[in-house]
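Below is one structure, written out as structure tokens; comments come after it.
The values are calculated or read from the model by the stated rules, or taken from the named source; none is laboratory data. Fair warning: this is a prediction, and the values are worked out from it, not measured in the lab. Methodologically, a virtual Cβ is constructed for each residue, glycine included, from the backbone with ideal geometry; neighbour enumeration extends over all protein chains shown. In case anyone asks, the SASA skips ligands and DNA or RNA and just uses the protein heavy atoms, side chains included. Shrake-Rupley method; radii C 1.70, N 1.55, O 1.52, S 1.80 Å.
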Amino acid sequence: VDMELKDGAVALTRQADGGEIKLEVKLPAVISRADMPDEWVRFPPLPGIMKAKRKPLDTFSPEDLGVTPSPRVKILGYEAPPSRAAGQIVESVDQLVDKLVNEAKAV
Amino acid sequence: MGNILVVTDHVDGALSKPSFPTVTFAQQVKALEGGEIIGLVLGSGAKGVADQLAQAGVDKVIYVDDASFANPVAESYAAMAVEVAKEVNASIVCAPANIFGKDYMPRVAYQLEAGMVTDVIDASKDGDQLQFKRPMWAGNIIAKMAIETPVKVVTVRHTAYDAPQPGSASVDERSASKPAEGTTFVAFEQVKSERPALTDANVVVSGGRGLGSAEAFGMLESLADVLGAAMGASRAACDSGMAPHDWQVGQTGKVVAPDLYFAVAISGAIQHLAGMKGSKTIVAINTNPEAPIFQVADYGLVADAFDVVPQLTEKLAAVKNG
């Protein structure tokens, strides 16, 4: 949820069950973030977009980097998740309470 | 046909709740593949946790006590888990798919040169091949996967498994140090609450941005108090500052599957549904009859939360007390 750059390290705060954990990680580091808060999203300025067209684009093959891709995991197929039975619209709080207590036995 | 190593984590001197369904997963795999289930506890002064794990349904517990394990730091935990995995000839190494499992298991997989599947909800066998199911695309698709390497690393979605068959095992206590070089643990700022933890609770009352303010969440908290429920919130509500990030339910928040889930003023974006559609009974309260949340709700009330929630709280309190 929070990051601060220090000398050769990053101070991080992450969400955990029941609170927040603070860590300090030395660089180089791989940091991942599950979601991006709106204020972190930056739109490239128009001159930046133009300059991007002229930037060099180096292409490597895995072999160039000395990597042999060998999949360790295989996807065998896909299926739909179990579907839920259709629900019902209730008309009032009383009806909802009645359903929860007597029908769903959830309370 | 090796053994199954379950890497657990703990907090406040007790085994974390998601560790138990991970043992259940191990039991499922044992029924399919054979082998022994070895539970691993890493900690400092955490013998009580090891004793707890010994009763949870594993065949043996290895407890490694060292200051370097006082807090789950990926480098230390992974290094030790890898060493133990090799020692016990583990062909399956699993952990809960919680913040800790997600943190150190990729390192474990890399160091064991093992393929890894995360967030597993089921294991089965087709002939000789062990197969795993896991949700993808916010739970809209279930993928069936196989791991091609001899050692397989898995993280387990805790809401997919019930409590394990308990048992009695011995605890092998030892000492070994795996100091972390790159990462320093600084602090764990715990939020102590009277309410149950979101991922453990039987009932969750969850609010969306439609409530308009943090004060409005107070109305939901009264309902939660009557029901002994945990509080949840949509990502939009958390990002707007109406609810703490700790309450976030969804694809990038917590995945919950309580017996009863109230979605109040939550539209039902698929990312939110991904975190709660495994709930047994879902109640939706929303002013918009077209809101997608009504597609998954068992009971839907098209109404203004501000009119309805206080009445609901009062009536449920009467039911609970009467």
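Between residue A:33 and residue A:101, the contour length at 0.36 nm per residue exceeds the Cα-Cα span by 20.4 nm.
Close amide H partners of residue B:176, meaning residues 5 or more places away or on another chain with modelled amide H under 5 Å apart, are B:65.
Can you pull the mean other chain C-beta count within 10 Å for peptide B:260-267?
Details: counts 4, 1, 1, 0, 0, 0, 0, 0.
If you average over the peptide's residues, the count of other-chain Cβ atoms is 1.
Distances between placed amide hydrogens fall under 5 Å for residue B:2 paired with B:91, all partners being 5 or more residues away or on another chain.
Computed from backbone phi, the HN-Hα couplings of segment B:191-205 come to 9, 7, 9, 6, 7, x, 5, 3, 6, 9, 5, 7, 10, 10, 10 Hz, rounded to whole numbers (Karplus: 6.51 cos²θ - 1.76 cosθ + 1.60, θ = phi - 60°; Gly and Pro given as x). Computed from the C-beta positions of residue A:76 and residue A:2, the FRET efficiency with R₀ = 45 Å rounds to 0.65.
Distance cut-off 31 Å, Cα to Cα: go down the list A:26/B:30; A:22/B:320; B:60/B:133; A:26/B:254; A:105/B:30; A:105/B:254 and report the pairs above it. Cα-Cα > 31 Å for A:26/B:30; A:22/B:320; A:105/B:30; rest within. Using alpha-carbon positions, what is the distance between the centroids of segment A:80-107 and segment B:78-144, in Å? About 36 Å separates the Cα centre of segment A:80-107 from the one of segment B:78-144. Using only Cα atoms, find the angle between the long axis of helix B:74-87 and the longest principal axis of chain B, and express it within 0 to 90 degrees, rounded to the nearest 10. The two axes meet at around 50 degrees. Computed with every protein chain present, the accessible area of residue B:245 is close to 80 Å² [probe 1.4 Å].
What is the gain in length, in nm to one decimal, between residue B:111 and residue B:259 on full extension, counting 0.36 nm per residue of separation less the C-alpha to C-alpha distance? Numbers along the way, then the final one.
On the way: separation 148, 0.36 × 148 = 53.28 nm, distance 3.92 nm.
So the chain would gain 49.4 nm between residue B:111 and residue B:259.
Checking an interface number: how much accessible area is buried between A and B, summed over both chains, with a 1.4 Å probe, in Å² rounded to 100? Don't skip to the answer; put the middle values down first.
Details: alone 10870 and 15110 Å², together 21160 Å².
Adding both sides of the contact gives about 4800 Å².
Taking label positions 7 Å along the Cα-Cβ direction at both residue B:33 and residue B:165, the computed distance is 1.8 nm, reported to one decimal.
Considering only protein heavy atoms and a 1.4 Å probe, what is the carbon-and-sulfur percentage of the accessible area of chain B? Don't skip to the end; give the middle numbers.
Working: 6110 of 12820 Å².
Its accessible area is 48 percent carbon and sulfur atoms.
Karplus-based coupling profile of segment B:309-322, in residue order and whole Hz: 5, x, 5, 4, 4, 4, 5, 5, 5, 5, 4, 5, 8, x, with θ = phi - 60° in 6.51 cos²θ - 1.76 cosθ + 1.60 and x standing for Gly or Pro.
Of the beta bridges DSSP finds with both residues in the protein assembly as shown, what % are antiparallel, to the nearest 5? Intermediate values should be presented prior to the final figure.
Values: 38 of 89 bridges.
Expressed as a percentage, antiparallel bridges in the protein assembly as shown total about 45.
Here the simple spin-label model places points 7 Å from the Cα toward Cβ, and for residue A:61 and residue B:200 these points are separated by 5.6 nm.
For chain B, averaging the sequence separation of C-alpha pairs within contact (under 8 Å, six or more residues apart) and dividing by the residue count gives a relative contact order of 15 percent. Partner shielding of A:64-77 amounts to 4, given as the average count of beta-carbon atoms from other chains within 10 Å of each residue beta-carbon. The separation of segment B:234-277 from segment B:2-48, counted between C-alpha centres, amounts to 28 Å. Amide H contacts of residue B:17: none lie under 5 Å away among residues 5 or more positions distant or on a separate chain (H built 1.01 Å from N in the peptide plane; Pro and chain starts excluded).
Please find, in a Gaussian network model of chain B (springs between Cα atoms separated by less than 10 Å), the residue of B:253, B:210, B:127 whose mean-square fluctuation is greatest. Of the options given, B:127 has the highest mean-square fluctuation. Computed over chain B with a Gaussian network model linking Cα atoms closer than 10 Å, the most mobile of B:25, B:262, B:188 is B:188. Residue separation of residue B:319 and residue B:86 scaled by 0.36 nm, minus their Cα-Cα distance, works out to 78.3 nm of gained length.
What is the average number of partner chain Cβ atoms found within 10 Å of a Cβ in B:237-247? Write down the numbers at each step before the final one.
Details: counts 0, 2, 5, 1, 0, 0, 0, 2, 5, 7, 0.
Going residue by residue through B:237-247 and averaging, the value is 2.
Springs between Cα atoms under 10 Å define the GNM used for chain B, and in it the highest mean-square fluctuation of B:273, B:42, B:227 occurs at B:227.
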